[in-house]
Amino acid sequence: MTIRTSLIALSLAAALAPTLAPTLAVAADAEIVITIKEHQFSPAEVRVPAGKKIKLIIDNQDATAEEFESAELNREKIIAPKSKASVYIGPLSAGKYPFMGEFNPTTARGVVIAE
């Protein structure tokens, strides 16, 4: 490759970068943080766009482990005390998808609403 060809390729890449950057940003999964504190999820209601893959980041601030569980989402994940874990969901059809903390089912409850 000659210097001239390299400069043309570099100029072309620089010119296309602004148009490609938004495309790359849109391709990334959406992230939503759900906190577990005092054996409760916050927020307890999570709204997500239907038809999109979503990354839930479960932040367990309690001193004990909790299990994020949802039969409707087909997900189970144990989150160690004072740690975070990722749970991928979707793409979902419009509707409500309940979840709970298996170790504290009376207090740790929530719902994902796909719209």
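Below is a table of values for the structure above.
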{"read-out": "Antiparallel DSSP beta bridges within region 29-114, as percent of all bridges there, nearest 5", "value": "70"}
{"read-out": "Cα centroid separation, region 84-115 to region 37-78 (Å)", "value": "5"}
{"read-out": "Radius 14 Å from Cβ of ASP62, net charge of other residues (Lys, Arg +1; Asp, Glu -1)", "value": "-2"}
{"read-out": "Pairs of Cα atoms farther than 17 Å apart, region 29-114, %", "value": "38"}
{"read-out": "Residue-count net charge about GLY95 - beta-carbon cut-off 15 Å; Lys, Arg +1, Asp, Glu -1", "value": "0"}
{"read-out": "Set of aspartates and glutamates near LYS77 by C-alpha distance (under 15 Å), chain-local residues within fewer than 8 positions excluded", "value": "ASP59, GLU66, GLU67, GLU69, GLU102"}
{"read-out": "Compactness of region 24-73, expressed as Rg and Dmax over alpha-carbon positions, Å", "value": "12.7, 38"}
{"read-out": "Three principal axis lengths of region 52-101 [C-alpha, angstrom, descending]", "value": "35, 17, 12"}
{"read-out": "Nonlocal amide H pairs with ALA50, under 5 Å, H built at 1.01 Å", "value": "GLU115"}
{"read-out": "R0 of 41 Å, Cβ-Cβ distance PHE103-ARG47: FRET efficiency to nearest 0.05", "value": "0.95"}
{"read-out": "Additional length obtainable on full extension of the chain from ALA71 to SER93, 0.36 nm per residue less Cα span", "value": "6.4 nm"}
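Computed from the coordinates by the stated procedures, all read-outs in this text should not be read as laboratory data. All values derive from a computational prediction rather than experimental measurement. All Cβ positions, even for glycine, are placed from backbone atoms using ideal geometry, and neighbour counts span all protein chains on display.
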